[in-house]
Amino acid sequence: MKIWLDGGLRDLDTARVSVFDHGLTVGDGIFETVKATEGRPFALTRHLDRLARSARGLGLPEPDADEVRRACTAVLDAKPMPLGRLRITYTGGTSPLGSDRGDGGPTLVVALGEVTRRPDTTAVITVPWTRNERGALTGLKTTSYAENVVALARAHQHGASEALFGNTVGQLCEGTGSNVFVVLGGELHTPPVTSGCLAGITRALAVEWTGAQETDLPLDVLDRADEVFLTSTLRDVQAVHRVDGRELPGAPGPVTAKAMRVWEERAADDLDP
Ligand code: PLP
């Protein structure tokens, strides 16, 4: 398997990142996961824009978008597969212990993994920990994902594939790696980015294509929502059939099923010619 590391394609076995890389020592890094169908990345420009926003938010030099595009193409060409996930990782770079970030400049890694299609429905849980809607990292896609790892492990213990967070003022926020939509009285809502959620690319397109409203919602809206679905790069639009102990019989319900159909149709268009 070939990956892109610092300016060129390398064999995975020989590619090396320093043990002093700030992405490893303090989680000072950002990332993107991009879906690629038959070697074609989906919405790459939007992902690169978000990568640049995350870099600015973290005070990292902006990644060279042309290099990242070249890297994605090189990695995809090196290993054709029907459905892949590109992982773009960009960190503060290497510096000896005790000195400031990145003496050697940032580290860029682009790798590709194969994915299988996800199930159409899933169970989710809520967790008692909160997203901070006003933190320094709010809205940035950083490699500091340990909180998500802990929450996701709890979801797996409960037979669920995702854990949902509220924010510090008790509003519904997002999942560990997804955004959340709920149907109330036939109307589709999703939390606004001011709730502290990531500005998901799937979320933005789903809002545009379905007309969903961005609404502050209390976390306990999940106890009475008629339908719930998740969006993310690898889930696309995925119906939820159980929230904590509560079954949502018949998932995907009519509004979710329509969102899934609209997604399938519209996402087939080349968003990134
Ligand atoms: N929220 C979080 C915390 C995420 O990590 C992700 C994606 O990984 C999402 C939401 C969904 O974003 P996207 O649709 O861009 O994949």
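A few remarks follow.
- Scanning the range 196-227 for residues being within 11 Å of the ligand (Cβ to nearest atom) and either polar (S, T, N, Q) or over 17 Å from the mean Cα position of the chain (by Cα) (or both) gives a total of 1.
- Residue check for Glu32: touching a residue at least 12 places away in the same chain (Cβ under 8 Å), acidic (Asp, Glu) and touching a Lys or Arg at 6+ places or on another chain (Cβ under 9 Å): yes
- Residue count for the range 97-122, restricted to those that are at pLDDT 95 or above and either over 22 Å from the mean Cα position of the chain (by Cα) or among the hydroxyl-bearing types (Ser, Thr, Tyr) (or both): 2.
- Count of the range 21-40 residues which are more than 13 Å from the ligand (Cβ to nearest atom), within 17 Å of Leu271 (Cα to Cα) and buried (at least 20 other Cβ atoms within 10 Å of the Cβ): 1
- Pick from the range 149-159, criterion within 13 Å of the ligand (Cβ to nearest atom) and crowded, with 18+ Cβ neighbours inside 10 Å, ranking: farthest from Ser232 (Cα to Cα): Ala151
- Failed condition for Val182, given (1) away from the ligand (no atom under 15 Å from the Cβ); (2) surrounded by fewer than 15 Cβ atoms within 10 Å (Cβ to Cβ): (2)
- Considering (1) more than 14 Å from Val127 (Cα to Cα); (2) of a type in the set (Asp, Glu); (3) within 11 Å of the ligand (Cβ to nearest atom), the lone condition that Glu162 does not fulfil carries the number (1).
- Among residues of the range 240-262 being touching a residue at least 60 places away in the same chain (Cβ under 8 Å) and within 16 Å of the ligand (Cβ to nearest atom), the one that is nearest to Thr122 (Cα to Cα) is Val240.
- Any hit, the range 114-122, residues being in contact with a helix residue (DSSP H, G or I) (Cβ under 8 Å, 6 or more places away or on another chain), surrounded by 15 or more Cβ atoms within 10 Å (Cβ to Cβ) and over 24 Å from Arg46 (Cβ atoms): yes
The values are calculated or read from the model by the stated rules, or taken from the named source; none is laboratory data. What you are looking at is a predicted structure, and each value in this text was computed from that prediction instead of being measured. A quick note on method: Cβ atoms are made from the backbone with ideal geometry, for glycine too, and the neighbour counts reach across all protein chains shown.
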